[in-house]
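Quick notes on the structure that follows.
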Amino acid sequence: MYEQKQNDSHLTPFCLTARQKAAISLSEMPISTAELVYRLNEAVDGRRMRLLKIAELEEAMMRGGYFVYEAQEDGKIAKTPSDKAKTLGVSMDGKRLAGGGEVTLWRLCRPLQQDILLHINALLGQDAALDWDFAPAAAPQKSGGVRRTPQEAQPPAVGAAEDRPRKAENTPSHFRYCWNCEGKIPARFSFPCPSCGWPICPKCGACRSPRMGGCPESKKGMGRFTGLLKEKNDIRTQLLNSRLLSTATFDELRQVESPDALRAFRQKYASLFEQLETIRAEKREQHAEEKAEKVKEAKLNQRGFFKIVSVSPRLVTYQTASGLKKTLPNQPPVRVGKEYVDLTGIPPAER
Ligand SMILES: [Zn+2]
Ligand SMILES: [Zn+2]
C-alpha cells in the first residue's frame, strides 16, 4: 500500500470521505506531520488514490494558517505555529542535524490533528463540501451540532473571519481577521475579490480561505495588487491611516473602475488629498525631530564621557558617540569611572 508509483496520473487525488475520516485513529500524544500523513494515508487505497505527501500537508498547513514564516532571534526565517495552532496545541521538539546545529520540529497535539482532519479536503484544495459532513463526537461542535450546508460557503456578508470566531466576538463587527496573515480586515474598507467576492486582505492579498475551497486569486498574495487595484489600495491605506476615510468616500473609491474614474475621484476629493499631504509632511517632520532628539540625547548622556565596553589595568575600550569601539591606554589623562570613561584631557581628534 505504501510503495511509490512512478506514474500516478491515473490515480484520483487524495481526499477523504466522512466515513474514511471516522476510521482514522488520531494520536493522544503529540505527533509529527509525517506521522499524521501516515495515519491519513492508512484510510485510503493506494492503488486507486494518490497518497498524500508530507510536503503537501505541510504546504496546506501553511496555506490554512496553522504555520507562518517568522523571523527568529538569530535573524533566520523559520516555520512557526500560528496562534491558531498554538491554541489547538503544538509541542516543540529539537533535533540535531548531522552537520551540527539544530532544527525545531513541531509536534501536533490531538486537537490540532483533529482540526486538520476536519478540514483536510478544503486544506488540500479538494472539494470542501466533503468536509461538511464530518463532525466526530470528540470534536468541539462549531455550529451547535447543526450540519453545515453548502449554502454557508457563500461569501460572508463582512470579512473573512470564519477561522477566528472566538476572538472576533469581542471586536467591533466591522473588523474581521484574515485566515492567512491574521491581520485585521476592516470589512467596510476592503475591496471584494472579483473572482470569489470575499474581501481582499489589504496586508497579504488573501481572499477566500482554503477551508472554504480557496480562491485561485488568493494565491497571488500581494502580487494581485497591481495597476488600478494597487493605486486604489494605496489610497485606501493612506487615507485610513490618517483617519481621513469615511465609508461613503470609500464606497466611491471601490466603484472606481478606470484610470479616468480615479482621476475624477482625486479631483472630487482634492481637499482630502491636500489634508493627507499635510498630515504626512507633519509626520515626516515629527519623525526627523525625534531622530535628532535621540542623537542629541546620546551625545548629551556622555557629556564628554564615553561608555566603557571593557577595561583592564592596561587598556580601556569605550564606545564613541558614533557607536564605534575604540581602545586607549588606561593611564592619565584618561580617567576611568564605573561605567564611563572621562576623556576631557584628551584632544577631541584623538578620542
Ligand atoms: Zn491577510
Ligand atoms: Zn478570491
Local net charge near residue 245, Cβ-Cβ under 10 Å (Lys/Arg +1, Asp/Glu -1): +3
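How long are the three semi-axes of the equivalent ellipsoid of region 224-292, in whole Å, if each is the root of 5 times an eigenvalue of the C-alpha gyration tensor, listed from largest down?
Here the semi-axes work out to 25, 13, 10 Å.
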Near-label residues of region 196-210 by backbone N, under 18 Å of a point 7 Å along Cα→Cβ of residue 237: 199-207
For region 18-131, average projected area of the Cα convex hull in nm²: 8.1
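Could you pull out the pairs from 76/230; 84/184; 21/84; 203/283; 53/79; 230/268 whose alpha carbons sit more than 25 Å apart here?
76/230
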Whether region 236-275 is rounded, prolate or oblate, judged on the alpha carbon gyration tensor where a/c under 1.5 counts as rounded: oblate
Shape of region 303-350, Cα gyration tensor, a/c cut at 1.5: rounded
Overall Cα dimensions of region 202-255 - principal axes, largest extent first, Å: 35, 21, 20
5 angstrom amide H check on residue 335, placed H, neighbours 5+ away: 342
Relative packing of 53-66, 114-127, which averages over residues the other C-beta atoms within 10 Å, highest first: 114-127, 53-66
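Taken together, the values in this text are just the output of simple stated rules run on the coordinates, not laboratory data. Bear in mind the structure is a predicted one, so any value in this text is a computation, not a measurement. Cβ: placed from backbone, ideal geometry, glycine included. Neighbour counts: every protein chain shown.
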